[in-house]
Amino acid sequence: MTVPLWMYLLVAAAVFCIGVYGVLSRRNAVAILMSVELMLSAVNVNLIAFWRYGAPSDIAGQVFASFVFVIAAAEAAVGLAIIIAVYRSRRSVVVEDVNLLRG
Amino acid sequence: MLELNATTLAFFVFAILSVGGALGVVTSRNLIHGAVYLIISLFGGAGFFILLSAPFLAAVQVLVYIGAIAILIIFAVMLTRSMTNMAEVVNRQWWLSALVGALLLLMLAVGVIFPVWGDGGLLPNQPVSDQVATTDELGAAFVGGEDYVLPFEVASLLLTGAMIGAIVLARDTEA
């Protein structure tokens, strides 16, 4: 274990910020969902890094990361189902075309 | 200074996979290529889990993220035929989004990571001990009857709810 903690944090922060850029800039809803997955994965790397460097004998860190996996799976399933339902009614997955609630 | 051994070398390889894959996800015009880049990035994350002595979570990362979520995304891309009619990949505020992302990274690095965990920072940046909890203990914590049984069952319930909700949402109403 010679890699200091800040390197893990820096890589995870970089992936998270790339995900933020993807969520804010992409027009395709599936691409936005992929960026969200990137952000969740980066957060998980952060959690495990803090667990390994801060409290490695306590199992709580790994338990927490496991629940993030569960949330990511549920989010992906529901998100993609919504995208498919929107595509069925609007024939498009571009988020600007989904404007039914615009006043 | 960081000595160059197998661990640090592996770290840099996984870091390149992770960040490079992430850049590919947000820049690729073809969404199938984006999904492949996502898989590469998630493999980098799984490598980090191995380096951080959490092998079970690395396996879960490969199984759940790559085996399930990435494949689900590829299915959604194919079902929605979204590759064909995409003249513009990014919206009009993409430069603002890039600015937000870059500023967030700068803020995190300069404001949080380096002052607190950098060399000579507030908190130690090396592991406090090499006594690492094992996968056996993780399993016992989940279903052993004392620690995390209730959250574990609630998570199962959430997954069931998400699965039923996804089926109901994506179902063809005329059928």
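The values are calculated or read from the model by the stated rules, or taken from the named source; none is laboratory data. Quantities reported herein were computed from a predicted structural model and do not represent experimental measurements. Backbone-built Cβ (ideal geometry, glycine too); neighbour counts: all protein chains shown.
Details
- Comparison of A:48, A:32 shows that the only residue that is in contact with a helix residue (DSSP H, G or I) (Cβ under 7 Å, 6 or more places away or on another chain) and buried (at least 24 other Cβ atoms within 10 Å of the Cβ) is A:48.
- Residues of segment B:132-157 that are at pLDDT below 85, surrounded by 10 or more Cβ atoms within 10 Å (Cβ to Cβ) and over 23 Å from the mean Cα position of the chain (by Cα): B:144, B:147.
- Among residues that are more than 8 Å from chain A (Cβ to nearest Cβ), surrounded by 12 or more Cβ atoms within 10 Å (Cβ to Cβ) and not hydrophobic (A, V, I, L, M, F, W, C), residue B:160 is not included.
- Qualifying residues in segment B:90-101 (those that are in a helix (DSSP H, G or I) and more than 7 Å from every other protein chain (Cβ to nearest Cβ)) - the one farthest from residue A:29 (Cα to Cα): B:99
- The criterion of being more than 7 Å from chain B (Cβ to nearest Cβ) and modelled with pLDDT of 90 or more holds for residue A:71.
- Residue in segment A:90-97 that is surrounded by fewer than 20 Cβ atoms within 10 Å (Cβ to Cβ), without any contact (Cβ under 8 Å) to a residue 40 or more places away in the chain and in contact with a Leu (Cβ under 9 Å, 6 or more places away or on another chain) present: yes
- The residues of segment B:1-55 that are more than 7 Å from chain A (Cβ to nearest Cβ), within 30 Å of residue A:58 (Cα to Cα) and over 15 Å from the mean Cα position of the chain (by Cα), listed by number, are B:1, B:4, B:6, B:9, B:10, B:12, B:13, B:51, B:55.
- Which numbered condition residue A:71 fails, given (1) surrounded by 19 or more Cβ atoms within 10 Å (Cβ to Cβ); (2) within 14 Å of residue A:36 (Cα to Cα): (1)
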